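Okay, structure first, notes after.
Values in this text are rule-based calculations from the coordinates and carry no lab data. Bear in mind the structure is a predicted one, so any value in this text is a computation, not a measurement. Using ideal geometry, Cβ is built from the backbone for each residue, glycine included, and neighbour counts are taken over all protein chains shown.
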Ligand SMILES: Cc1cc2nc3c(=O)[nH]c(=O)nc-3n(C[C@H](O)[C@H](O)[C@H](O)COP(=O)(O)OP(=O)(O)OC[C@H]3O[C@@H](n4cnc5c(N)ncnc54)[C@H](O)[C@@H]3O)c2cc1C
Ligand SMILES: Cc1cc2nc3c(=O)[nH]c(=O)nc-3n(C[C@H](O)[C@H](O)[C@H](O)COP(=O)(O)OP(=O)(O)OC[C@H]3O[C@@H](n4cnc5c(N)ncnc54)[C@H](O)[C@@H]3O)c2cc1C
C-alpha cells in the first residue's frame, strides 16, 4: 500500500501547477469566461503541449496510457486553477472512444494532440442522473442510422467537435438494454444546438437531433449494448470530478485560513476566535476525508470488478459531495460580506463546488446506487 | 499511488487470520460480538494467548519482546483481531507505559517492568485526570513531596485521581504528580509509578450511566513511593505525558471495530422486518447506513494515510486528532443506528444477561439486549483521551496555525 505519488506523477503535477499559475491566473480565466466561446485557444494549446490530452490515450496511439491514479494529481491541479476549458469533457469522451479503439483510432489520435474536443451527450429531460433512461431513438434507414430526440445540459457541448451520443435501438425508456452509442460530428446536418453559460463559468448546450443520418462507422461498440460502457465511463468521470473537487477544497481552505489570520475585527484576527477555529478544523477534516475517498476512487476508476467499482465510486461521490457543499458554504460565511463579491476567487470556488452533485449524480442518487450493490446488501 | 495491499501484506493477513481461527476462544468471541461485558479473566486469557505467540506487543521493538510490525501490519492485525471478535488488549501497559519506559526509563525499570507488562503480571492503569483537572490536565494538584528520613528517601503522595479506567483490576498505576508549585504549571509535574497495594491508596467505583463499573476514583493518603519509581527526571513529567498521549492515540480511529459493528448493524437490519421487506430495504434507513458507510471508508483510508506516513517509529503527528474525532463520531453513530434498528427492544435493560448471569435475554433477542447500554456507554468516546473539542483546538493550533 502506497499513498505517495510516483516520481512521474509528482513531476507532472508540479509542472502543471507552475504552468497554471503563470498562464492561467484568475484574470485570464475571467476573460475566458467573458469571451464569446468561453474557451481560450492559447490555454488549450498549452494544456496539449504539456501532454495533458494525450495522458489518458493508449500508448499504441501515441498517448501515455495514464491510469486513474495518474489522473488524480492532474485533476487536483486543474481544480485549484478552476479550469473552464473542455478538458474533463474531452477526457471522458476519450474514455468512451477507448471502448472501440480500433474503429476510433484516428479520432483518439486527434484528441490526444488536442486537435479535436469532445463532449458527452447522454442526459435527457426525463433522465435526471439515470443514464440508462434514454428516449432518443435511432432507426436504420437505407443503411444509415437515423437519430431523433433531444439531449440536454451537455457540458461543453457547444465547444465540442464530436459528441458521444446515446440512443435507443430497442426496449423501453428505462431499460438498460437496447442502448447504442454514436460518435457524431457536431457540424452534421439535422443537429441544432442551443448554447448557454453554466453557473460555474463553463458552457453547455441543449442539442436537438432531427433526422440526423449517420453511417454505421459512427457506431461505438455493439448495437444495444452500450449501458455497461456508459456506466463505466460515468464512474471514471466521477473519479476525476472527485479529484478536481479535492483540489478546489484544498485551495479554498488555504485561502480562507489565510483570511482568518489576516482579517482583524474586535482588535484581533478573527482566527483567534474558537468558534471559527473549530469550524476551520472541521473543514480541514472534511477535505482530508474527501481526499481519502477521492484517492480510492481514482484507484478503482477503471476496475473490471463492476459492483465493487460502483460501490466505491458512489461512496466517494457521497462523501466528496457532502464535503463540497459544506466547505463551499462555510468559506463564504467565514469571509463575511466580501465572500459575497463575485470579484473574489472564493466565490468562484464556491460556485464550482456547488455544481458538483449536478454533474454525475447527487448524494441521494449515489446513496441509492450504493445501497443496490451486493457489497452493501451482503456484508461478509 | 497504489491503494492495494501488496503480496507481503496479504500474506501477513492470511497468517494472522489462521492464527486467530485456531486460538481465539469461542466464548470470548461470542461475548465480544454480542456487546457483553468482559471480566478481568477474559482480558487476561486473550492477553496470555498472544503473549505465548510473541504478538502481544505489536508496536514494541524485538529487543523488548515486541513483534516490531510496520504500521500497515499493525493496521491489518487490528482489523483481523477485531473482525474476529477478539477482545482489545488493555492498552495502558502495552501502548502507553511501555513506550515511555523504553524511551525515558532506567535500565532497572525496563528490566523489571517491561517483561511484567508482556506476561500480564502487572495490570496498569492511568492516573492522569483529577476532579479539577480534565481538559486542562496541567492544572493537576496531586502532590509528591520528596522526603528523606531515617528510613531513606521516598515521595509522599497526597491527592485524588478520577475516571481511572479499570483501576479495580490493576495492581499498578502510573501517575502525573506535582513535585513543584513554583514553576509554570506544565513544568512542576513528574511521572511516578505507584503500587496500588501501597498503604494509603484507596478506590471508589464510579458507576457509569449504563450501570457498569468501568471507572474509579483513586485516593492517595500519605502514600510512600520509592524514589526509584520516578520515570526520567523530576519536573519533566509533562514531556513524558505528551509522549505517552501520542501513543495512546495509536489505533485511535478503531477502524477495525467499526467495520465489524457496521456488519453487525447490517445483519441486524436485514433480519428486522419492515414494510419494504427488511429494514435495510427501507430507503430512509438505508440512506443513514450508506452515509455512514461512506464516512467509514474515508476514515479507513485517512487512517492508512496517517499511519503509513508515520515514517519508521516517529511519533504520530497532530493529524491523529482528526482520527480521534472522526473515529469516535463513527463509533457513536453506529451505536445510535443499532438502537434505532431494534426499536422497542431497545427498552429492556437486562443487566443479568449483560454480565453473563443469564444465557438468554429477558425478551426480544439476544443481539438487541445490550445495545442501548452500549449506546449510552459510548458517549464516553468523544470525551476521554482528550475530548473532541480539545482535538479541534490541537488541529487549529498545530496544523492550521490559528
Ligand atoms: C448582501 C449584503 C448586504 C449588506 N447590506 C448592508 C447595508 O445595507 N448596510 C451596511 O451598513 N452593511 C451592509 N452589509 C454589511 C454586513 O453588515 C457585514 O457584511 C457584516 O456585518 C459582517 O461584517 P464583515 O463582512 O466585515 O465580516 P467580518 O466581520 O470580517 O467577519 C468575517 C467572519 O468572521 C466571523 N466573525 C467575526 N467576528 C467574530 C467573533 N468575534 N466570533 C466569531 N466569529 C466572528 C463573522 O461571523 C464572519 O463569518 C451587507 C452585507 C452583505 C453581504
Ligand atoms: C469512560 C472514561 C474513561 C476515562 N479513563 C481515564 C483514565 O483511565 N485515566 C485518566 O487519567 N483519565 C481518564 N478519563 C478522563 C478523561 O481523559 C477526561 O474526562 C477528559 O480529558 C475530559 O476532561 P473532563 O472530564 O474534566 O472535562 P472538562 O475538561 O471539564 O470538559 C467539559 C466540556 O468542556 C469542553 N472543553 C473544555 N475545555 C475546552 C476548551 N478549551 N475549548 C472548548 N471546549 C472545552 C470539553 O470538551 C467538554 O465537552 C476517562 C474519562 C471517561 C469518560
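List of remarks:
- Relative contact order, whole percent, for segment B:5-164 stands at 18, derived from Cα pairs under 8 Å and 6 or more residues apart.
- Projected-area average for segment B:205-252 over all orientations - Cα convex hull basis, square nanometres: 5.7
- Prolate/oblate/rounded label for segment A:180-233 (Cα gyration tensor, a/c 1.5): oblate
- Principal semi-axes in Å for segment B:99-240 [√(5λ), Cα gyration tensor, largest first]: 22, 19, 15
- Segment B:243-278 residues near the modelled residue A:368 label - backbone nitrogen below 17 Å, point 7 Å along Cα→Cβ: B:276
- Which of B:190, B:308 has the fewest Cβ neighbours within 10 Å, and the rest in rising order: B:308, B:190
- Euclidean distance of C-alpha centroids, segment B:89-150 and segment A:126-144, integer Å: 72
- Relative intensity of segment A:61-110 on a log10 scale, I(q)/I(0) at q = 0.32 Å⁻¹, equals -1.25, per a Debye sum over C-alpha point scatterers of equal strength in the absence of solvent.
- Taking 0.36 nm per residue of separation and subtracting the Cα-Cα distance, full extension of the segment from residue A:211 to residue A:258 would add 11.3 nm.
- Radius of gyration and maximum dimension Dmax of the protein assembly as shown, Cα, Å: 30.3, 115
- Relative contact order (%) - criterion: Cα under 8 Å, at least six apart; region: chain B: 14
- Convex hull volume per residue, computed on the Cα atoms of segment B:1-153, equals 191 Å³.
- Gyration tensor over the Cα atoms of segment B:302-402: the corresponding equivalent ellipsoid has semi-axes (square roots of 5 times the eigenvalues, largest first) of 37, 14, 11 Å.
- Nearest-ten-degree value, helix B:71-84 long axis tilted from longest Cα axis of chain B: 60
- Taking every Cα-Cα distance in segment A:223-380 and sorting them into 5 Å bins starting at zero, the pair-distance distribution P(r) comes out as 2, 9, 17, 19, 16, 12, 9, 7, 5, 3, 1, 0, 0, 0 percent.
- Under 14 Å from the residue B:106 label point (7 Å along Cα→beta-carbon), backbone N, segment B:185-206: B:192-193
- For chain A, the 222 nm mean residue ellipticity estimated from helices alone, with every DSSP H stretch of n ≥ 4 adding -39500 (n - 2.57) and the total spread over all residues, rounds to -16000 deg cm²/dmol.
- Placing one equal scatterer on every Cα of segment A:328-380 and applying the Debye formula, the log10 ratio I(q)/I(0) at q = 0.16, 0.29, 0.32 Å⁻¹ is -0.60, -1.01, -1.10.
- Ranked list, fewest to most other Cβ atoms within 10 Å of each Cβ, for B:129, B:151, A:48: B:151, A:48, B:129
- Label point 7 Å beyond Cα of residue B:70 along Cβ direction - residues of segment B:1-42 with amide nitrogen under 19 Å: B:1-17
- Remark: C-alpha extents of segment A:289-380 on the principal axes read 50, 22, 21 Å, sorted largest to smallest.
- At R0 = 56 Å, FRET efficiency that the Cβ-Cβ distance of residue B:362 and residue A:199 yields, to 0.05: 0.45
- For segment B:49-117, Kirkwood radius (reciprocal of mean inverse C-alpha pair distance, Å): 12.6
- What the Cα convex hull of segment B:250-357 gives, in volume per residue, is 120 Å³.
- Peptide ranges B:104-114, A:231-241 listed from the most packed, as the mean C-beta count within 10 angstrom indicates: A:231-241, B:104-114
- One chain, two ends: residue A:380 and residue A:308. Fully extended at 0.36 nm per residue, the span grows by 24.6 nm beyond their Cα-Cα distance.
- Cα pair distances in chain A, grouped into 20 Å bins until the bin that holds the longest one, percent each: 28, 58, 13, 1
- Full extension of the segment from residue A:41 to residue A:11, taken as 0.36 nm per residue of separation minus the current Cα-Cα distance, would add 8.3 nm.
- Remark: the Cα gyration tensor places segment A:266-334 in the prolate category, a/c being 1.5 or greater and a/b exceeding b/c.
- Cα centroid of segment A:223-294 to Cα centroid of segment B:194-253, whole Å: 41
- All Cα-Cα separations within segment B:7-94 were binned at 10 Å from zero, giving a P(r) of 16, 53, 29, 3, each value a whole percent of the pairs.
- Taking the inverse of the mean reciprocal distance over all distinct Cα pairs, the Kirkwood hydrodynamic radius of segment A:141-181 comes to 12.1 Å.
- Derived from the Cα gyration tensor, the three semi-axes of the equivalent ellipsoid of segment A:147-243 are 22, 19, 12 Å, largest first.
- Normalised convex hull volume, segment B:211-313, alpha-carbon set, Å³ per residue: 183
- Taking 25 °C and 0.890 mPa s as conditions, segment A:12-114 diffuses translationally at an estimated 175 µm²/s according to Stokes-Einstein applied to its Kirkwood radius (Cα pairs).
- Cα-based helix-to-principal-axis angle, A:87-97 vs chain A, degrees rounded to 10: 30
- In degrees, nearest ten, helix A:345-354 long axis to first principal axis of chain A (Cα): 50
- Temperature 10 °C, viscosity 1.306 mPa s: under these conditions the Stokes-Einstein estimate for segment A:4-51, based on its Kirkwood radius over C-alpha pairs, is 135 µm² per second.
- Two-decimal ratio, chain B, of alpha-carbon radius of gyration to 2.2 N^0.38 Å: 1.03
- When shorter helices are ignored and each DSSP H run of at least 4 residues is given -39500 (n - 2.57), the per-residue value for chain B at 222 nm works out to -13000 deg cm²/dmol.
- Neighbour-count ranking [beta-carbon atoms within 10 angstrom, fewest first] of A:92, A:186, A:67: A:67, A:186, A:92
- Normalised contact order of segment B:246-402, rounded percent, pairs of Cα under 8 Å and 6 or more residues apart: 26
- Overall, the anisotropy analysis places segment A:72-159 in the oblate class: the square-rooted eigenvalues a ≥ b ≥ c of its C-alpha gyration tensor yield a/c not less than 1.5, with a/b not exceeding b/c.
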